[in-house]
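Values in this text are rule-based calculations from the coordinates and carry no lab data. Values in this document were obtained by computation on a predicted structure and should not be read as measured data. Cβ: placed from backbone, ideal geometry, glycine included. Neighbour counts: every protein chain shown.
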Amino acid sequence: MTNTEQQDAAVADRKLLARSAYSDGRHLAARQSIYQWQQPRYDLPGIVVEELTGISGTVVDVGCGNGKYVGRLHKDRPDLRVVGMDVSEGILGDVERPVLVADAQALPLADETVDAVLAMHMLYHVGDIPATVQELARVLRPGGVVIASTNSRTDKRELDQLWQRAAGDVLGVAEGPDRVSLSSRFSLEKAPGLLGAAFSAIRVLKLPGTIEVSDPAPVVAHLASYEAWAEQCGVPFEETVARARDLVTAAIATKGSFRITCLGGILICRP
């Protein structure tokens, strides 16, 4: 098995996800927090609320994580029955009820019982993506909608380059191994094809932006949030994060800031 294959397997390892990566909301919050420095700013839960205009009944957030979409829907759409669902019981602790601990590959829901399904930045974590897409379609009522999200393969490439340089410095080589890519299995480029096996109408909303920081802390926190996959990085993890901090600090001292190019997207899918 190649290093990339090992990383992909680890990204979808259910035990690792539930017991380490998302045992609580700490690492996810660190990854989310870097977007407060992005321009333009996108209100992702607000976009989801807007896309659910005209939907009534039950909405299930599959892989809801720390519940930022669940909370917004409870606030803005109290008419909906919103259910949060995640493979990790720990991360559901502060999510507004009702919630379920469940695997997206085998949803504990009857056929055609849900009016909308959210799958936000989570389909790259399931072992069998095509089977999970079919599950999302199976539980959806006629006229319903599935809203998914992910990142482009080019998203935050500056962080990939930073990691490779820091890892190379730690290992004493010109360029170190790649950092773990969470979204590569279900990137913005791959997603329409994977979702198209079950949905005939797919609209892609691309969300480009630039993150610019004058303090290394947000970048370091983002890189450190991948701690659960440290074994798959092929390099001493803490030492590489520390070296990345030095490199970002030097870049900010020279240029005044550190810039990161982002490209994420939301996919609105109908049967």
**Report entry** Note, ³J(HN,Hα) from phi for region 41-53, Karplus 6.51, -1.76, 1.60, rounded to Hz, x at Gly and Pro
**Finding:** 7, 10, 8, 4, x, x, 4, 4, 4, 5, 5, 8, 4
Query raised in the report: Going highest first, how would you order 119-130, 49-60 by mean Cβ packing within 10 Å?
Result: 119-130, 49-60
Requested in this report: Would you mind working out the magnitude of the charge dipole of the chain relative to its Cα centre, with +1 at each Lys and Arg C-beta and -1 at each Asp and Glu C-beta, to the nearest 20 Debye?
Outcome: 520 debye
Report task. Kindly state, to the nearest 0.05, the FRET efficiency for residue 171 paired with residue 253, given R0 = 25 Å and r defined as their beta-carbon distance. Result -> 0.50
**Report entry** Rounded to 5, percent antiparallel among DSSP beta bridges of the chain
**Finding:** 55 percent
Query raised in the report: According to the Kirkwood expression over distinct Cα-Cα pairs, how big is the hydrodynamic radius of the chain, in Å?
Result: 19.3 Å
**Report entry** Label point distance in nm, residue 74-residue 106, each placed 7 Å from Cα along Cα→Cβ
**Finding:** 2.9 nm
Query - Listed residue (253, 234, 210) projecting farthest to the positive dipole end of region 119-271, Cβ model - result: 210
Report summary line: Flagged as over-length at 26 Å C-alpha distance, from 68/206; 15/206; 156/206; 15/68, the pairs are 15/206
